[in-house]
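Here, each number is a calculation from the coordinates, and none is a lab measurement. These numbers come from a predicted model, not from an experiment. Positions of Cβ are backbone-derived with ideal geometry, glycine not excepted, and every protein chain shown enters the neighbour counts.
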């Protein structure tokens, strides 16, 4: 028994085989049975949502469940690296205390209430249109103006140039907004 124990000892195996201790001679039976973390998982390419850099991410999922989010080595921007925020994005999605409902606090209320997404989106659209209607200026000093300064838009940095172009067109031509910016340039 002691002989078997000693013969399996990585140091003795390393001396006997002349290996450098980084291969099978350094593995225990337990480590030989280990499987890759992502074995059997599918991967989806994504972009980190945190800032304007746009680092590539690989989202590994299996049976409808997210397993891990890692840096994408094929990303020309980040080459597989993520900052601490990007590396923690798995926690952002899977944390047990993550809010899954829209929270709303009515004017003068001290309590938050949960709303359905559809109801919240309707409220946003209604308030946006009301603000536009209440503040829209068609003419100023006899000249056509067609704008509102009461509402604005801050674009997301992970949108591509085409998406930002269409958003700008919608908000300037469609709603008359003049207060637009994009996180990518901030």
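Tabulated data for the structure shown
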item: For segment 136-186, the spread of Cα positions along each principal axis, largest first, Å; result: 40, 18, 13
item: Distance between segment 26-98 and segment 113-186 - C-alpha centres, whole angstrom; result: 35
item: Mean shadow area of segment 78-117 over all directions, Cα convex hull, nm²; result: 4.7
item: Relative contact order %, the chain, counting alpha carbon pairs below 8 Å whose residues are six or more apart; result: 13
item: The chain: radius of gyration over Cα atoms, expressed as a fraction of 2.2 N^0.38 Å; result: 1.73
item: Residue 169-residue 35 FRET efficiency (beta carbon distance; Förster radius 35 Å; 0.05 resolution); result: 0.10
item: Shape parameters for segment 58-138, alpha-carbon atoms, Rg then Dmax in Å; result: 19.7, 55
item: Per principal axis, descending, Cα span of segment 42-94 in whole Å; result: 30, 21, 13
item: Fraction of beta bridges assigned by DSSP in the chain that are antiparallel (%, nearest 5); result: 80
item: Hydrodynamic radius by Kirkwood, which averages 1/r over all alpha carbon pairs of segment 92-186, in angstrom; result: 16.1
